[in-house]
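Presented below is the structure to which this report refers.
The values are calculated or read from the model by the stated rules, or taken from the named source; none is laboratory data. Because the structure is a prediction, the values reported are computed rather than measured. All Cβ positions, glycine included, derive from the backbone under ideal geometry; neighbour counts span all protein chains shown. For the accessible areas, the whole protein counts, side chains as well, though only heavy atoms, and no ligand, DNA or RNA atoms are used. Shrake-Rupley method; radii C 1.70, N 1.55, O 1.52, S 1.80 Å.
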Amino acid sequence: MRILGLDPGLRHTGWGVLDVDGNRLRYIADGSVDSDDKADLATRLVQLHDGLVEVIRSWTPDEAAVEETFVNKNPTSTLKLGLARGVVLLVPALAGLRVAEYGANHIKKSVVGAGHADKTQVQHMVRMLLPGTTFKTPDAADALAVAICHAHHRQTEASIAGIRLQVAR
């Protein structure tokens, strides 16, 4: 199973790809899709779209996971982040991928064990869980954390489904 983790942002959308085999995680790739902050909003959204289409084409994930948006104090920034997040949700869905969503605290708790961990702790645990990882940007590290969270969540879902099948028999 190949998972694409996505950390939405209008300037920089981080992405990370990992393979999952049972409880084993293997780092594949990471990076960010960047938009030109001097361009108009519509052009920037197209840049995110096109960059994410290329990531999916290049790495052929089976599923995607996206970090949920948090609310900023600045409503304009929140709206722009929401628009970027819409593109980030849309692109994998259009590619036929199942798209899961996770809140920031859920991701941090899944990766670090504490829902209010800071970025340094998350980056450290991503390196521990994916040996050899040298993520290119902090946004890419966050995206890998989203993918790790989804991998753990999927494994739990599969275990529960297996128990339900055994009980039903």
| Matching residues in region 108-136 - criterion: being β-branched (Val, Ile, Thr), closer than 17 Å to residue 152 by Cβ and either assigned to a helix (DSSP H, G or I) or touching a Gly at 6+ places or on another chain (Cβ under 8 Å) (or both) | 111, 122, 126
| request: Looking only at region 48-59, decide whether some residue is surrounded by fewer than 15 Cβ atoms within 10 Å (Cβ to Cβ) and of a type in the set (Gly, Ala, Ser). | output: yes
| field | Filtered residues of region 18-27 (kept if at pLDDT 95 or above and surrounded by fewer than 24 Cβ atoms within 10 Å (Cβ to Cβ)) | value | 19, 20, 25, 26, 27
| message | Take residue 15 and tell me if it is of a type in the set (Phe, Trp, Tyr) and either crowded, with 22+ Cβ neighbours inside 10 Å or under 13 Å from the mean Cα position of the chain (by Cα) (or both). | response | yes
| message | Just to check your reading of the model, which residue among 93, 117, 104 is crowded, with 16+ Cβ neighbours inside 10 Å, within 16 Å of residue 65 (Cβ to Cβ) and aliphatic (A, V, I, L, M)? | response | 104
| note | Condition set over 12 Å from the mean Cα position of the chain (by Cα) and within 15 Å of residue 55 (Cβ to Cβ), scope region 28-43, selection most open to solvent (accessible area, probe 1.4 Å): answer is 34
| note | When (1) without any contact (Cβ under 8 Å) to a residue 12 or more places away in the chain; (2) outside any loop (DSSP other than H, G, I, E, B); (3) under 24 Å from residue 59 (Cα atoms) are applied to residue 105, the one that fails is (3)
| Between a first residue in region 58-72 that is at pLDDT 95 or above and a second residue that is of a type in the set (Asp, Glu), which pairs have beta carbons less than 6 Å apart while being 6 or more apart in sequence or on different chains? | 66/101; 67/7
